[in-house]
Amino acid sequence: MNPEKLYGRDHLMVIAAVRYCIGRMSYIVSDCADWIIANWNDWPESTRNIIKRDLEEAFKSDDEAREDDRAYFPLGMDCDRQQWERVRRIWQ
């Protein structure tokens, strides 16, 4: 199948899906993490770099929010953050 049909122009749908899931507090985070992990090596480096950047920025904001004991955490609840940590292990 044509990757453009599957992932959208320049993998726009991959990036949009990940961005949608960051900060959610639902089953979608686990499903998204599973999907990223399963498909990571199939995506171009440019797409992977955008996902890395977005997640690293979210981790930084989440760390600051947790340190300041804020009510809102950019990566969601602890269980959601654990899913993003699974994804992060891909490049760490």
TODO: Would you mind listing the helices (runs of 4 or more DSSP H) fully within the stretch 1-72 where at least 3 residues are closer than 12 Å to Gln83 by Cβ and either at pLDDT 95 or above or under 13 Å from the mean Cα position of the chain (by Cα) (or both)?
DONE: 27-39
TODO: For the stretch 62-91, enumerate the residues that are open to solvent by 50 Å² or more (accessible area, probe 1.4 Å) and either small (Gly, Ala, Ser) or on the phi > 0 side of the Ramachandran plot (or both).
DONE: Asp69, Ala71
Task: Scan of the stretch 41-55 for residues that are open to solvent by less than 50 Å² (accessible area, probe 1.4 Å) and in contact with a Phe, Trp or Tyr (Cβ under 9 Å, 6 or more places away or on another chain), ordered by number - done: Trp43, Thr47, Ile51, Leu55
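The values are calculated or read from the model by the stated rules, or taken from the named source; none is laboratory data. Only a predicted model underlies this, so the values are computations on that prediction, with no experimental measurement involved. Glycine gets a Cβ as well: all are built from the backbone with ideal geometry, and neighbour counts include every protein chain shown. In case anyone asks, the SASA skips ligands and DNA or RNA and just uses the protein heavy atoms, side chains included. Shrake-Rupley method; radii C 1.70, N 1.55, O 1.52, S 1.80 Å.
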